[in-house]
Every structure is written in C-alpha cells, then in structure tokens.
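S.K.: Mind looking over this structure? Questions follow.
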Amino acid sequence: MIEMFQEWYENRHDYARNWKEKTGGKVLGYFCTYVPEEILYAAGVLPVRILGSHEPQNVTEPHIFGMYCPFCRDCLAQGLQGRFDYLDGIMISQSCLHIRQAYTSWQLHIPVPFSYYLPMPHNVQSPRAIPYLTAELKRFKEAVEEWTGKEITDQDLRRGIEIVNRNRRLMEEIYEARKEDNPQITGLEAMYMVVSSQMTDKEEHSRILEDVLQELPKRNLDNEDKVRLMILGSEDDDTEFVRMVEGLDAIFVVDDHCTGSRYFQGLVEPNGDPLQAIARRYVQRVPCPTKDWPERTRTRHCLQLAKDWNVQGAILVQQKFCDPHELDFPMQKKTLEDDGIKTLILEFDVTVPVGQFRIRVEAFLEMLREEDLF
Amino acid sequence: MAKYKTEPLKLWNKAKEIRLQYYKNYAEAHEKGGLRWVGGAWTFDAVPAGLGDDVYSLTSEPYGASIAYDKKFALECQEAIEKVGYARDLCAYMRNYWGSVLLDKYAFGGPFPKPDFIWQDHICCSHAKWYQTVSELEGGIPMYCVDVSVGPYPPFGEMTPEKIDYVAGQLLDGIEWLEKVTGRTFDDEKFIEACWNDFRSTHTWAKICQLNENIPAPLDEKSMYSLYVLATLQKSWKVVADFYDELYEEVKERVERGIAAVANEQCRVMTDTQPPWAFLKIFRYMEQYGCVSVGSLYTWGLEGMWVYDEKEGRLYPRPMPDHKPRDREEACRMLADWHLQKPEYQHFYSPEYKSKMMIAIAKQAKLNGVILHYNRGCEGLSLGIAENRLAIQKAGFPVMTFEGNMGDEREFDEERTKQRIDAFMETLGVKRVEN
C-alpha cells in the first residue's frame, strides 16, 4: 500500500493526465508551498507542484542566469521540455527570488490559459499580514472563478479546507509514528508520501494514508538500532541520497523541508470567514527562511523537532546558491550543536555525487556512533 | 580635435563633500548626543527623521560598495565572514558589511560605529535577513523591517487600497516601535518635511537622468554613480534634495551649451545592475571608443521615480505630489504609494516589466547597444537579467553581457571584460578614437 506513494511520485505526469481525463477538471502547476491549495480544491482544480527531474539539462541557460539555484532551473527545464504539457494554469505564491524566475520564464515562454502571481506577504510576523493576505486571497478566488467560470461559495471553501486539512492531519499522524524507538516507516517512504501528496488528488491520497496508518502497526521493520537522523534545509526530493543514507544503518525520523513537514504542519482553523482562516494558516505556518524575520523562529522549531523525534544528528541540505537557506545555516548549525546535536552540511545540485556523499555520511555516522577507528 | 566641448561638473566636489559629511555624521552622532541607525538604501528613511535632527543613518548598500572599492579591505571582510560559515555566493555588499562589523573596522577609519536600532525594508530575499544577522553580530540591536513586496505598480499591476494599507500600516506601527525603542516622542512635522524632501530628491534625480537623453550626453554613468549615491544615502535629507535642485540646473545648462561628458561621443550604450566597483575603469576603457554609457535602469530608477506610459512605451519622471502630506497617516500612505512605483521594484514580479522600461530608455536615449552586467554579487538586481537580454535583443538593440561581481573582485576578470568590449565595439562598427 505504502508503495503507492513512490509510484505516484515516479509517474506524476501519467497521474495528472489520467485525472484530467477521468474528471474533465483543470490541472494547475504551482511552484511554492505557500499556494493556498484549499481555494483550488474548492474550485475543483487539481494543484500539482512543479518539481525537477534531477537530470542534467541544457535548455534553461538563455533564461536563468547560472548564479540562481539549480532547482529553479531544473523546474523550468521540465516546462521547456514539454513534460507538463497537460497544465491548464500555473501559479506562484511569493517566496524566494530563485523559484520565482522559473515561474516568470514559464509564463513568458510556455503560455497556459491561466497564470497567477500571489503576492504572499513576507512580513508574517506583522499583525498587518493576515488582513492583507485575506484581501489578496479574495482577489485570487475571483481570478479562479473567472478562469473556471464557476462561483466558489463559502461552502466550497469549507470543503476545500477539509480536504487539505484531512490530508495534513493524516500525514501528521504518520510523522508522530516516526517518534517510536523502532519507526515503522523509513525516511524515504515518508519523503515519497509527502511529495506525492503535492501532485495527486488529496482525497485519493488521504485514503491511502488511512490504509497506511492501519498497516504500520503490522509492519516489522528493524530500525531500532539505527542512528536517528534529521534532514533539513532547501527543497529536497532527492530520493537517491535518502536511500543511500538509510542503507548505512541510519534512519531519517523527521525533516524540515518544504517537501516534508513544513508543507503540511499547521491546520486551517475553520472559524469565521474561510478566506481569513486560510490566510491565518499560511501566515502562521512554519516559515520558509525568506519569511522568518525579524525574529528567527525556524531555529527554535528545528531544535524542537530534533528533541521531540529524539534525533542524534542532523544533515543540513544546502541547495547550491540557495540564498535563503544559506542565510539560516550558520545559526541553525549553532543552535543544534549548542544542544548537543551534531550536524553535517552538504551542498546539493540537480544530481548528487552519491559516492562522495557516502564517504562523508559514513564519517558522520561513525562520529555519532562514537566508533573507534582502530 | 574633439567632437564636443567638455568640462568637469562644477558641483562635483560638493557631491563628494556631502557624502563624506554623511559618513562622518553617522560616526560622530553619539558624541553629539544623537542617535545612529542602519538600514538599506531603499528604506523609508523619512520615518526616523521624525525622531529629531540629531538622528543619523548608515545605509548598507552604498557602504558595501565603498568597501568594494578598497579591494584589500573587501577581501579581508569577505574572508572574515566566510570563516564563520556564510556562503561566498551571498550578496557581496552584505558580506562586505558583515565583515566590517565582525572585524570592527569602519571603512572611513576607526572601529565600526554600533547602531542604536535597525530600520530596514524588504523586497529582496536578503534584505531583512541581512539585518537579522547584523543584529546578532552586534549583540542584539532592535530591528524593524517593512515588507514592500505587494506586487507591481500600474501599468504593470493593480495598486489596491489593501496593498497601500499593508505597507502604510507597517510604517505606522514602525513609528510606535521607534518611540518605544528610543524613548523619544515622534515629531510629525519633521516627518512630513522629510517625506517632502524624499519626493523632491527622487523626482529631481529622475529629471536629471532624463537630460541624458540628449546628444551629446551631459553626464556619463561613471560620474552618475557619485551623484545618484546621495539619494541612496538619505533621500529625505534636505541637503540632498537641495543639491539635486542645483545639479539639475547645472546639467540643464550643460545641455543648452552642448557640453559632453565624453568629448568624442560616437556610441551610446546603457548598462544594467551595479558595476564591479573596484573596476570602474572599464568605463574609461569604453571611452577610448567614444562610447558613453548614459546610465541604466539601475542609475536612473534605483532612486529616481518614473512613470511608465504603456501606450507610448515611454518613461518620464513621476510628477511631484500635488500637496504635502497633512498628517502622519497621509504621510505614510503617500510615502508607500510613491515608493511602490520605484522602477527597480517592478522586475521583482516579472522581468517583462523591466525589459519594457529598459527598451524605453534605449529608444529615448537613442542607444546603439546595451551592456548587461551579469552580477553574481546581487541576486535582487540580476533577477531576470537573462530574460531582459532576450527581450532587448528582440527589440532590435545589440546586447553584450559580461559576468562579474559588484563587490567581490574574485569573480571579475578585467582583461576578459575588455576583450568583450573590443568585440562588441567591432560588432557595432565603432572604431577607437584617435587622441
């Protein structure tokens, strides 16, 4: 059952095409997890996250200067290579400058009937952010209504909220199960689970999550003596790396990625005006580093994750040229290490040098296990 | 014999004096019982002016550029910050600035003068994070930051009341914050006057740049750097606003008398993004071809306020507001509305908007070509630059690009850049001018 997540992740385009054929609905590609999927579900639109393919490419050079992160170039490459040719629309919710370029170049060169730039506020610590985002969500809802030709009622919005909330609650439950001394789900499976939820119909995804929750107690994985690791940092769906690390008697038990816990943590509290409720959730969610100011809240949050999931070491994943995370790493590292949690920083590109990383991870694990070399 | 008459700017030394006075004022503020604050070149500096006449600022980007000009010190700063774990591909100004704090060395002599508070704004991912780190490096300086990223201004987007409310609301909250952290009472009259000076400086600077549409160009971009910088230091300072009034008259007179910045002007270009500050001599190298850079959207629109006419495809200076703000609330709303139209804010939402404005300059200033600095030192202003290249070429203007870094000389190759200039001039059919 749990294998379904991997299957969806690996066949994401087939899934979206089939969904379209089956439902006759519209599919929208999005570039950042600040996109309010609740409104899209309310409109009957399937939101799918545009991620890269981890393959070398030669099509983005004329469009994005090489000083920007490989991830944003990999995402744009998918569009330029025609892999998302089924999309009816694209959108971005304002976050980092890098991924924004994938969106704007896509908008310029791969036209689709609908494109939307949602100016998600950066100053999420200001009391002005929720009223402002509420107004922007109203404008966005109106734009979607015009695009689909269908009114989105408050009842639709509440349904959309419930669809997304249910999915969040179920993934939260599965993450809770990773706190156990012998976790019955690996980091790789958890990664497939979260990333696939960004590219499939959440109602269908949630049904599988419910089955997985039933299945977990019956599993018999031998993870008890493995080194418990945390992984955090830039966008990360690098399954090859996670598979390699978990093949070294280690297990990832928690993460702080926008392709992981940061995506689903925090529910929309459906009280009062549904748009305001959605705005509150996105303003108050665990922030991307681009929005984590003036106070640093992520460092405390990550430390708490490490404690709650009883982590022995943390791997900090630095997407090459990812300024927002580069601006957080020195303090992340210090905060974790001051609390006795050792860290390893690795710089990721579109493809990962698995052999070199393996040596570094092995050395890190030896240090964590306090193994004698001789 | 030279094609045009040329002569130095009469106000040149005055510009230098104002700049030096600015840095001195900041350093000596405490000796006079005043306050010191730091923030970015785009911050709403008119607001802290309401705290009194003895409140002095240090803006970060021009300071980072000043360090960049001193290659040895810049390298010292960069290595210091890399040692504590910051990546070397981060904003070069930011690394220079942080290094200066960490080393406790002020670029203008003595130890780094510690600020009393931070007053920043945010549109680039690095803006707020820059000062979050400064606050930490300095042991916990109180920090306030205003988010201005509400989307493009007309004609590129719609400016709804909620967008203005969001920015103006943060400014109003910021005034209360300033009173709390400084213990001072905010003076609305001083604030309103500073707002007016801000409008004057940024309006007049645009008018000065517009004069460079003339042939021959009365100013060259290398000289403009020393003039536009005053608005990046403190656009709300009366001294700056008054200086730009004087400068406008002088440049206008140069146009009337046919005074050129480059005596043998035969080729007109514009650039883009900040230059590699330690290598401004590349502009002198271009002059050997009679090539003048009349500016850029960067020099014209970083602080200059312009209106883009979509129908005509033209840029013109934004007219002054028809009245001074009447109270604090109105001042905050007017300030927000004024600055949200900044040309250099628009490309944060799409390179298409910047391309349109650049093409407008290229047409209005009758350019032969465009030179784009792919600037590894600034993720904010290099944003979308590859798309700008494609759009400008499509509009019929030849484009040369070169890679470099505004503040980190390790990423600039002088000889290679000169060779590219040679090749570009050859493409344009421009020959070296015999002296």
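S.K.: Report every pair of residues separated by at least 6 positions or lying on different chains whose Cβ atoms are under 7 Å apart, first residue within the stretch B:119-147 and free of Cβ contacts under 8 Å to residues at least 24 places away in the same chain, second surrounded by 24 or more Cβ atoms within 10 Å (Cβ to Cβ) and of a type outside the set (A, V, I, L, M).
M.R.: B:A128/A:W293; B:A128/B:Q120; B:A128/B:H122; B:A128/B:C145; B:K129/A:W293; B:Q132/A:W293
S.K.: Could you grab me the full set of residues in the stretch B:345-398 that are part of a strand (DSSP E or B) and either within 12 Å of chain A (Cβ to nearest Cβ) or within 28 Å of B:V150 (Cα to Cα) (or both)?
M.R.: B:L372, B:H373, B:Y374, B:N375, listed by residue number.
S.K.: Scan the stretch B:405-430 for residues that are hydroxyl-bearing (S, T, Y) and surrounded by fewer than 17 Cβ atoms within 10 Å (Cβ to Cβ) and jot them down.
M.R.: Hit for the stretch B:405-430 is B:T427, nothing else.
S.K.: May I ask you to list the residues in the stretch B:204-214 that are over 14 Å from the mean Cα position of the chain (by Cα) and not polar (S, T, N, Q)?
M.R.: B:K207, B:I208, B:L211, B:E213
S.K.: Further question on the same structure: Restrict the check to the stretch A:71-80 and report whether at least one residue is of a type in the set (F, W, Y) and more than 19 Å from the chain's Cα centre (by Cα).
M.R.: The answer is no; no qualifying residue exists.
S.K.: Go through the residues of the stretch B:48-57 one by one and say whether even a single one is among the aliphatic types (A, V, I, L, M), away from chain A (no Cβ under 14 Å) and within 30 Å of B:Y308 (Cβ to Cβ).
M.R.: yes
S.K.: Within the stretch B:1-51, which residues are in a loop (DSSP other than H, G, I, E, B) and in contact with a helix residue (DSSP H, G or I) (Cβ under 7 Å, 6 or more places away or on another chain)?
M.R.: Scanning the stretch B:1-51 gives B:L9, B:K10, B:L11, B:G40, B:A41, B:F44, B:D45, B:A46, B:V47.
S.K.: Could you pull out the residue among A:R280, A:R296 that is within 11 Å of another protein chain (Cβ to nearest Cβ) and basic (K, R)?
M.R.: Being within 11 Å of another protein chain (Cβ to nearest Cβ) and basic (K, R) holds for just one of A:R280, A:R296, which is A:R296.
S.K.: Mind listing whichever residues of the stretch B:235-288 are within 20 Å of B:N214 (Cα to Cα), among the basic types (K, R) and buried (at least 20 other Cβ atoms within 10 Å of the Cβ)?
M.R.: B:R254, B:R268
S.K.: Go through (1) within 14 Å of chain A (Cβ to nearest Cβ); (2) closer than 27 Å to B:S382 by Cα; (3) without any contact (Cβ under 8 Å) to a residue 12 or more places away in the chain; (4) assigned to a helix (DSSP H, G or I) and name the single condition B:A87 misses.
M.R.: (4)
S.K.: Also: Using the structure shown, decide if B:A107 is among the aliphatic types (A, V, I, L, M) and either part of a loop (DSSP other than H, G, I, E, B) or under 30 Å from B:A27 (Cβ atoms) (or both).
M.R.: Numbers: among the aliphatic types (A, V, I, L, M): yes; either part of a loop (DSSP other than H, G, I, E, B) or under 30 Å from B:A27 (Cβ atoms) (or both): yes.
Yes.
S.K.: Still on this model: Evaluate the stretch A:132-151: report whether one residue or more is of a type in the set (F, W, Y), within 9 Å of another protein chain (Cβ to nearest Cβ) and not in a helix (DSSP H, G or I).
M.R.: Keep residues of the stretch A:132-151 that are of a type in the set (F, W, Y), which gives A:132, A:140, A:147.
With the extra rule that they be within 9 Å of another protein chain (Cβ to nearest Cβ), the set shrinks to A:132.
Now narrow it down to the ones that are not in a helix (DSSP H, G or I): none.
Checked the stretch A:132-151: no residue is of a type in the set (F, W, Y), within 9 Å of another protein chain (Cβ to nearest Cβ) and not in a helix (DSSP H, G or I).
S.K.: Looking at A:S105, A:S95, can you tell me which residue is assigned to a loop (DSSP other than H, G, I, E, B), of a type in the set (S, T, N, Q) and either in contact with a helix residue (DSSP H, G or I) (Cβ under 7 Å, 6 or more places away or on another chain) or at the interface with another protein chain (Cβ under 9 Å from one of its Cβ atoms) (or both)?
M.R.: From the options A:S105, A:S95, the qualifying one is A:S95.
S.K.: In addition: A:L305 passes all but one of (1) outside any helix (DSSP H, G or I); (2) within 28 Å of A:M1 (Cβ to Cβ); which number fails?
M.R.: The failed condition is (1).
S.K.: Would you pick out the residues in the stretch A:182-191 that are touching a Ser or Thr at 6+ places or on another chain (Cβ under 8 Å) and buried (at least 24 other Cβ atoms within 10 Å of the Cβ)?
M.R.: Scanning the stretch A:182-191 gives a single hit, A:M191.
S.K.: Take the residues in the stretch A:321-351 that are within 21 Å of A:V227 (Cβ to Cβ) and surrounded by fewer than 16 Cβ atoms within 10 Å (Cβ to Cβ), then tell me which one is nearest to the other protein chains (Cβ to nearest Cβ).
M.R.: Across the stretch A:321-351, the extreme among qualifying residues is A:E337.
S.K.: Restricting attention to the stretch B:142-168, report how many residues are surrounded by fewer than 22 Cβ atoms within 10 Å (Cβ to Cβ) and at the interface with chain A (Cβ under 8 Å from one of its Cβ atoms).
M.R.: 4
S.K.: OK, next. I need the full set of residues from the stretch B:111-141 which are surrounded by fewer than 18 Cβ atoms within 10 Å (Cβ to Cβ) and facing another protein chain (nearest Cβ under 9 Å), in order please.
M.R.: Passing the criteria: only B:E136.
S.K.: Another question about this same structure. Go through the stretch B:64-84 and count every residue that is in contact with a Leu (Cβ under 9 Å, 6 or more places away or on another chain), buried (at least 23 other Cβ atoms within 10 Å of the Cβ) and away from chain A (no Cβ under 14 Å).
M.R.: Count: 1.
S.K.: Would you pick out the residues in the stretch A:59-92 that are more than 23 Å from A:P36 (Cα to Cα), outside any helix (DSSP H, G or I) and within 14 Å of chain B (Cβ to nearest Cβ)?
M.R.: The answer is A:V59, A:T60, A:E61, A:P62, A:H63, A:I64, A:F65, A:G66, A:M67, A:Y68, A:C69.
Just so you know, all these numbers are worked out from the coordinates, no wet-lab data involved. Predicted model only: the values in this text are computed from it and were never measured. Here the Cβ is made from the backbone with ideal geometry for all residues, glycine too, and neighbour counts use every protein chain on show.
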